[in-house]
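S.K.: The following block contains the structure, expressed as structure tokens.
The values are calculated or read from the model by the stated rules, or taken from the named source; none is laboratory data. What you are looking at is a predicted structure, and each value in this text was computed from that prediction instead of being measured. Cβ atoms come from the backbone with ideal geometry, glycine included; neighbour counts cover every protein chain shown. SASA here: full protein model, heavy atoms, side chains in, ligands and nucleic acids out. Shrake-Rupley method; radii C 1.70, N 1.55, O 1.52, S 1.80 Å.
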Amino acid sequence: MNQYLTSIDNPIETVRYKGLTVKLLATGDGTEVIHHLLEEGARWSMQPQEGGTASESIFIVRGSMKVTIEGETKLVSPGDVLSASPVQHGFIFSALEQTEFIYISSQPVFQFFSELLRENQELAVEVALKDGYTADHCERIMQMSMLIGERMGLSPVDMCTLNYASYLHDVGKIKIPKSILLKEGPLSAEEWQEMKRHCIYGKELLEETDSPYMNMASQIVEQHHERYDGKGYPKGLHKDEISPLASIVSVVDAFDAMTTDRPYRKAMSVNEAVEELKKNDGTMFHPEVVKIFIDLIPDWSKMKQGV
Ligand SMILES: [Fe+2]
């Protein structure tokens, strides 16, 4: 088919994912026109590809987003066009309200993008459910990690890596037998050793993908149970040997676990969990991350209540 009529209501294909709805409107000769609807607070990124030559543009139709371009935060609003040919520095857009934009790329990205998102989402949710959480656990860990990353002034590449790593931090648990993962009583020493291997399994799974961001996220997934004082696992890394991105995931994951009802215990209150973070500040957790997290507790509480 070389001529066709599509619309926002009748696109060629639609993918929905974490506050983002993506609709393929037109495709031909490698070029794609893709409509994006980003919910308030959701993020979207344009990232350089290794050896990429594509020309990419976005045209804002409705709403507003902030974007950091070479260290400077700017506001983009309807009528604005942002183009790169090719993309040399990553951009992370953050929607300040529900925002629509049209993305045009001279190379096809939709299929790759939608497959990556589907795989990513299905895997993470499968793990969370198996682990006794609800499906929104991964989403909350990811949103909160991104807020901390933003406060820490992470680069767009690090933000993108953090996005994948935080969402998929426990993905290695798909390789842990259910008899261990769902065991109600305490684990034997052998079972505990196997459970701890989820960091390594997760790293291996992400290393096997074709995505450079997943590959970078693999190191964070491997390190998300390392402790600031070196008593964590799998490698017993200390302080700055641990990636700051892994330190972020570690604090957010611990806090979310403490304040969520689990099959074997009731949730702590937010205040009790904050006290627990403070008690372990500088031993289990990175002090700077704890400080920023505590500042962001009101945002976390809103997320937890689904506001
Ligand atoms: Fe974990």
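S.K.: Under 7 Å between Cβ atoms, which residue pairs at least 6 apart in sequence (or on different chains) link something in segment 282-305 that is modelled with pLDDT of 85 or more with a partner that is among the polar types (S, T, N, Q)?
M.R.: PHE285/SER250; HIS286/SER247; VAL289/SER247
S.K.: Right, here's the next one. I'm trying to understand the selection: among the residues of segment 42-99, which are in contact with a helix residue (DSSP H, G or I) (Cβ under 7 Å, 6 or more places away or on another chain) and either under 16 Å from VAL22 (Cβ atoms) or free of Cβ contacts under 8 Å to residues at least 12 places away in the same chain (or both)?
M.R.: Hits for segment 42-99 are ARG43, SER45, GLN47.
S.K.: Would it be correct to say that ALA257 is without any contact (Cβ under 8 Å) to a residue 12 or more places away in the chain, within 11 Å of the ligand (Cβ to nearest atom) and not hydroxyl-bearing (Ser, Thr, Tyr)?
M.R.: Values: without any contact (Cβ under 8 Å) to a residue 12 or more places away in the chain: yes; within 11 Å of the ligand (Cβ to nearest atom): yes; not hydroxyl-bearing (Ser, Thr, Tyr): yes.
Here the answer is yes, as ALA257 does meet what is asked.
S.K.: Here's something else I'd like to know. Of all the residues that make up segment 232-252, how many are open to solvent by 20 Å² or more (accessible area, probe 1.4 Å) and either within 21 Å of ALA124 (Cα to Cα) or within 14 Å of the ligand (Cβ to nearest atom) (or both)?
M.R.: Result for segment 232-252: 2.
S.K.: If I ask for residues that are assigned to a helix (DSSP H, G or I), of a type outside the set (A, V, I, L, M) and open to solvent by 30 Å² or more (accessible area, probe 1.4 Å), which ones from segment 142-162 would you list? Outline the logic, then answer.
M.R.: Within segment 142-162, the subset assigned to a helix (DSSP H, G or I) is 142-151, 156-162.
With the extra rule that they be of a type outside the set (A, V, I, L, M), the set shrinks to 143, 145, 149-151, 156, 158, 160-161.
Those that are assigned to a helix (DSSP H, G or I), of a type outside the set (A, V, I, L, M) and open to solvent by 30 Å² or more (accessible area, probe 1.4 Å): GLN143, GLU150, ARG151, PRO156, ASP158.
S.K.: Restricting to segment 208-231, name every residue that is open to solvent by 50 Å² or more (accessible area, probe 1.4 Å) and either in a loop (DSSP other than H, G, I, E, B) or within 16 Å of the ligand (Cβ to nearest atom) (or both). Show your work before the answer.
M.R.: Going residue by residue through segment 208-231, those that are open to solvent by 50 Å² or more (accessible area, probe 1.4 Å) are 208, 210, 212, 215-216, 219, 225, 227, 231.
If the condition is that a residue be open to solvent by 50 Å² or more (accessible area, probe 1.4 Å) and either in a loop (DSSP other than H, G, I, E, B) or within 16 Å of the ligand (Cβ to nearest atom) (or both), then GLU208, ASP210, GLN219, HIS225, ARG227, LYS231 are the ones that fit.
S.K.: All but one of (1) open to solvent by 10 Å² or more (accessible area, probe 1.4 Å); (2) within 15 Å of the ligand (Cβ to nearest atom); (3) without any contact (Cβ under 8 Å) to a residue 60 or more places away in the chain hold for TYR133; which doesn't?
M.R.: Going through the list (1) open to solvent by 10 Å² or more (accessible area, probe 1.4 Å); (2) within 15 Å of the ligand (Cβ to nearest atom); (3) without any contact (Cβ under 8 Å) to a residue 60 or more places away in the chain, TYR133 breaks only (3).
S.K.: Would you please name the residue that is most open to solvent (accessible area, probe 1.4 Å), looking only at residues in segment 172-188 that are over 30 Å from PRO287 (Cα atoms) and touching a His at 6+ places or on another chain (Cβ under 8 Å)?
M.R.: It comes out as LYS175.
S.K.: Let me ask you something else. Regarding PRO11, is this residue touching a residue at least 24 places away in the same chain (Cβ under 8 Å), open to solvent by less than 80 Å² (accessible area, probe 1.4 Å), in contact with a strand residue (DSSP E or B) (Cβ under 7 Å, 6 or more places away or on another chain) and part of a loop (DSSP other than H, G, I, E, B)? Break it down into steps so the answer makes sense when it comes.
M.R.: On the way: touching a residue at least 24 places away in the same chain (Cβ under 8 Å): yes; open to solvent by less than 80 Å² (accessible area, probe 1.4 Å): yes; in contact with a strand residue (DSSP E or B) (Cβ under 7 Å, 6 or more places away or on another chain): yes; part of a loop (DSSP other than H, G, I, E, B): yes.
Judged against the criteria, PRO11 is a match.
S.K.: Which one is farthest from LEU147 (Cα to Cα), of the residues in segment 270-307 that are of a type in the set (Gly, Ala, Ser) and surrounded by 11 or more Cβ atoms within 10 Å (Cβ to Cβ)?
M.R.: GLY282
Rundown of residues vs (1) of a type outside the set (Ser, Thr, Tyr); (2) closer than 26 Å to LEU168 by Cα, yes/no style:
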| residue | (1), (2) |
| --- | --- |
| ASP80 | yes, no |
| GLN98 | yes, yes |
| SER105 | no, no |
| VAL109 | yes, yes |
| LEU123 | yes, yes |
| VAL127 | yes, yes |
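S.K.: Quick check on my filter: what residues within segment 189-207 are of a type outside the set (Asp, Glu) and either surrounded by 14 or more Cβ atoms within 10 Å (Cβ to Cβ) or not assigned by TED's automatic domain parsing to the domain that holds LEU123 (or both)? Don't jump to the end; show me each part of the working.
M.R.: As a first pass, look at segment 189-207 and keep what is of a type outside the set (Asp, Glu): 189, 192-193, 195-203, 205-206.
Hits for segment 189-207 are MET195, LYS196, ARG197, HIS198, CYS199, ILE200, TYR201, GLY202, LYS203, LEU205, LEU206.
S.K.: Within segment 164-171, does at least one residue satisfy the condition of being more than 13 Å from the ligand (Cβ to nearest atom) and either within 22 Å of ILE141 (Cβ to Cβ) or at pLDDT 85 or above (or both)?
M.R.: Initially, segment 164-171 is screened for residues more than 13 Å from the ligand (Cβ to nearest atom), giving 164.
Okay, now just the ones that are also either within 22 Å of ILE141 (Cβ to Cβ) or at pLDDT 85 or above (or both), so 164.
The answer is yes; a qualifying residue exists.
S.K.: Just give me the residues in segment 80-96 being in contact with a strand residue (DSSP E or B) (Cβ under 9 Å, 6 or more places away or on another chain) and open to solvent by 50 Å² or more (accessible area, probe 1.4 Å), in sequence order. Break it down into steps so the answer makes sense when it comes.
M.R.: Restricting attention to segment 80-96, the residues satisfying the condition of being in contact with a strand residue (DSSP E or B) (Cβ under 9 Å, 6 or more places away or on another chain) are 80-87, 89-96.
Answer for segment 80-96, where residues must be in contact with a strand residue (DSSP E or B) (Cβ under 9 Å, 6 or more places away or on another chain) and open to solvent by 50 Å² or more (accessible area, probe 1.4 Å): ASP80, VAL81, SER83, SER85, HIS89, LEU96.
S.K.: Do you know which residues across segment 52-73 are closer than 27 Å to GLY30 by Cα and among the hydroxyl-bearing types (Ser, Thr, Tyr)?
M.R.: Those that are closer than 27 Å to GLY30 by Cα and among the hydroxyl-bearing types (Ser, Thr, Tyr): THR53, SER55, SER57.
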